[in-house]
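The values are calculated or read from the model by the stated rules, or taken from the named source; none is laboratory data. These numbers come from a predicted model, not from an experiment. Cβ coordinates were reconstructed from backbone atoms using ideal geometry, including for glycine residues, and neighbour counts include every protein chain displayed.
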Amino acid sequence: MFAAALAFGLLFGPEDVERVRRLAASQAWARDALARLAADAAAWPARHLETYGLERWEPPREGASWSHKWVCPDHGARLRQKAGVSYCPIDGRALRGYPFDQGVYMHRHTDSAHAARDLGLAYRLSGHPAHAARARSILLAYAALYPGLPIHDNMNRRDTTPGARVMSQTLSEAVWLIPIALAYDLVRDTMNAAERARVETDLLRNAAAVVRKSDKGIGNWQSWHNAAMLAAGLVLGDRELAAHAIDGPSGFNFQIRQSIAPDGPWHEGAWSYHFYALEALMLTREMAARAGIALPEQAALKRMFDAPFGLLLPDGTLPNFNDSAAARLASFARVYEAGSRVFGDPRYRWVLRDADRGLDALLFGADGAGAGEAPRLASTLMPESGYAALRSATGDFTVVMKFGQHGGAHGHFDKLNFVSFAEGRHLAADPGTQAYGAKTHSTWDKATVAHNTVVVDERTQAAATGALLEWKAEAGFTAVRASAGPAYPGVRLERTLIQTAEYLLDVFDAAADDGKPRGFDWVYHNFGEASSPLRTSSYSAFPASEGYQHLTRASAGETERDWQCDFRQPGAGVRLRMLAAPQTRVVFGQGFGPDLRVPVPFVMARRRGTRLRFAVLHEPYRDRAAIESFEETTPGAYRIRGAGWTDRVSASPGALNVRRTRSVR
Ligand SMILES: [Zn+2]
Ligand SMILES: [Zn+2]
């Protein structure tokens, strides 16, 4: 299982030196990446000193605070630093003391670990002993510092299970430890026995123990813990620690079996965590493969690489559901480097097509360049994770609904929410997530009213797993019907979406099984500006809680008739028409979007009752709406008339269908 004591090869071995030299001789990107590595090594530590305003390099004498607390208390924006001082990017205000200074320490600790790794790689690729000496001094400085750093957590409590020493949580300690272990692997043959003993005992073994005390079970944390424990176990020659990382109760094999849905997404339902976990799993796989440890279940990893193609929006971003910001798939290129090499799927190379291929490509990537093969975007159902992507066969109109499992601590209370895209723009908006230390994260990002669904009695949903009821993908339309599951006790919520190239028919049914009337708020957020012919006046009847406190500039009108409104952005509008229902109060206003500085308009239809239906036609358009009429002919049957066509649409359970007749005009 273990190579000879001082040979290197945890993630980069002698054969890689030759491979990288060959790559650099034949391919421009590899030559550039290698040149950058050499330049960065030569710039250490001068550039680091300049960045952080230091006289000489040394590790901060204190552990880091939590990255999610490194945000402006006023604006919720993630901070920046200049010469070691944190400041808000919105108004430039300097922020000092805990947790801000310790947020800068986080960056210094991280940069130093990466520098040690990169110096080790530069040493192996150039043979330059000065690079090894600098890596060594980083490792020895941390070996001296590490045992004396108190274990502290994200709330700055001492000696808690998730707490760590250099970082404030074992997750971040694990992420930090991997480049440290790799650096040691690369330069330890330049160290004497006493130096090796200090790094092994005081730093690597000690840090592995800090990580190991925190068994997080299923999830992204433990996937990183496993990768770090395997790295430490392999460089220390500690078979028990390495085996624990792979076969332990929460080891790699457990994560593979428990954390990946049969249809591919990571169980937390947020793409940022999907790729974060996948990166740890692929690192583990890489180290295990090099150490000759068999991983029979690793094929499941391919499902994680494939899943995003099902929900990919036409601009190459992924829906920002749960605790995930909207991210381009290409921003995860470094993960696809290894995926491309291991699984050889040409779509993975397509993800890399515009990527700046750097160190990750040199270490883990496929040898060739080439454009790869674009994924074919088609209507996709992910029944286990609970997503449905509805796509029109012509044009870029895309709707992605979310109805599945809650997603643990990173879940949002948004069953039956959807986002949409057409004419090159994001239309229906989800706020995604701010840093967890931002004031609006728990009060808005996660709240039901921040999403495009129905809120009952002005309360946020319970964590719930919804259910798929029907799915139909035909040549002319795609349809899905799903329920919100037990999101509200005693209330059934069902949404039917039927999409054609011209529109989305959206039928939302709500029923109180106990016969007690409730308030139902159908809410929809869309980027741009909202307008409506409906007469409204200012409105102040929202509660001051459950996310409603963040709905501002509200104006409302009451109507018993059909009503409509438009949301417009340059070159991309959407018209909503809602069918008449008694005593409907329609409220317009603003909420937060993914960028806290840019408000996103919403429309809300408020009604009370025991059984009611919201029937809405969403029509995306470039310049002007073209659909002429929308009506319900018999319950659950709709007639929609456009320029030269009439659709008869059935939204009745078991009979979802669109029949189109064309008329000559
Ligand atoms: Zn600020
Ligand atoms: Zn959300």
Residue ID - surrounded by the most Cβ atoms within 10 Å (Cβ to Cβ), chosen from residues in segment 424-444 that are under 28 Å from D396 (Cα atoms) and more than 14 Å from ligand 2 (Cβ to nearest atom): L427
Any chance A133 is of a type in the set (G, A, S), away from ligand 1 (no atom under 16 Å from the Cβ) and surrounded by fewer than 19 Cβ atoms within 10 Å (Cβ to Cβ): yes
Neighbours by Cβ (under 6 Å, 6+ apart or cross-chain): first from segment 64-92, within 18 Å of D445 (Cα to Cα) and basic (K, R); second assigned to a loop (DSSP other than H, G, I, E, B) and more than 8 Å from ligand 1 (Cβ to nearest atom): K69/P99; K69/G437; R78/A435
Where a residue in segment 250-271 is touching a residue at least 40 places away in the same chain (Cβ under 8 Å) and its partner, wherever it lies, is of a type in the set (F, W, Y), with Cβ under 7 Å and at least six apart: S259/W266; I260/W266; W266/Y273; G269/F321; A270/F321
Test: residue in segment 56-67 that is more than 16 Å from ligand 2 (Cβ to nearest atom) and over 29 Å from A144 (Cβ atoms): no
Filter result (in a strand (DSSP E or B), among the hydrophobic types (A, V, I, L, M, F, W, C) and surrounded by fewer than 24 Cβ atoms within 10 Å (Cβ to Cβ)) within segment 468-492: L468, L469, W471, A473, V491
Residues satisfying the stated conditions in segment 445-458, i.e. more than 10 Å from ligand 2 (Cβ to nearest atom) and either surrounded by fewer than 24 Cβ atoms within 10 Å (Cβ to Cβ) or basic (K, R) (or both): V456, D457, E458
Hits in segment 549-587 - residues which are touching a residue at least 40 places away in the same chain (Cβ under 8 Å), more than 20 Å from V598 (Cα to Cα) and among the basic types (K, R): R575, R577
Number of positions in segment 136-159 that are in contact with a His (Cβ under 9 Å, 6 or more places away or on another chain), in a loop (DSSP other than H, G, I, E, B) and crowded, with 16+ Cβ neighbours inside 10 Å: 1
Residue ranges of strands (runs of 3 or more DSSP E) in segment 531-630 with at least 3 members crowded, with 17+ Cβ neighbours inside 10 Å, at pLDDT 95 or above and under 33 Å from the mean Cα position of the chain (by Cα): 563-569, 572-578, 584-591, 600-609, 611-621
S324 being assigned to a helix (DSSP H, G or I) and either at pLDDT 95 or above or more than 16 Å from ligand 1 (Cβ to nearest atom) (or both): no
Qualifying residue in segment 311-321 (condition: more than 15 Å from the chain's Cα centre (by Cα) and in contact (Cβ under 8 Å) with a residue 40 or more places away in the chain): yes
Only one of G437, G411 that is within 30 Å of P601 (Cα to Cα), within 16 Å of ligand 1 (Cβ to nearest atom) and out of contact with any Ser or Thr (no Cβ under 8 Å at 6 or more places or on another chain): G437
Hits in segment 70-85 - residues which are within 16 Å of ligand 1 (Cβ to nearest atom), modelled with pLDDT of 95 or more, touching a helix residue (DSSP H, G or I) at 6+ places or on another chain (Cβ under 8 Å) and not β-branched (V, I, T): W70, L79, Q81
Candidate set: segment 86-108, residues that are of a type in the set (F, W, Y) and within 14 Å of ligand 1 (Cβ to nearest atom); chosen: the one surrounded by the fewest Cβ atoms within 10 Å (Cβ to Cβ): Y87
Segment 329-388 - residue that is modelled with pLDDT of 90 or more and among the acidic types (D, E) and, of those, surrounded by the fewest Cβ atoms within 10 Å (Cβ to Cβ): E373
Close pairs (9 angstrom Cβ cut-off, 6 or more residues apart or separate chains): within 20 Å of Q461 (Cα to Cα) in segment 421-443, more than 16 Å from ligand 1 (Cβ to nearest atom) and of a type in the set (K, R) anywhere: D430/K402; T433/K446
Filter result for G53 (within 16 Å of ligand 2 (Cβ to nearest atom) and not basic (K, R)): no
Number of the condition not met by R31 [criteria: (1) of a type outside the set (A, V, I, L, M); (2) within 30 Å of T170 (Cα to Cα); (3) loosely packed, with under 15 Cβ neighbours inside 10 Å; (4) within 33 Å of the chain's Cα centre (by Cα)]: (2)
Subset of segment 420-434 (residues that are assigned to a strand (DSSP E or B) and either more than 19 Å from G547 (Cα to Cα) or within 16 Å of ligand 1 (Cβ to nearest atom) (or both)): S420, F421, A422, R425, H426
Near pairs, Cβ below 7 angstrom, 6+ apart or cross-chain, from segment 177-198 (charged (D, E, K, R)) to any residue that is outside any helix (DSSP H, G or I) and crowded, with 20+ Cβ neighbours inside 10 Å: D185/F8; D185/L10
Index of the failed condition, Y123 passing every other in (1) over 25 Å from the mean Cα position of the chain (by Cα); (2) outside any helix (DSSP H, G or I): (2)
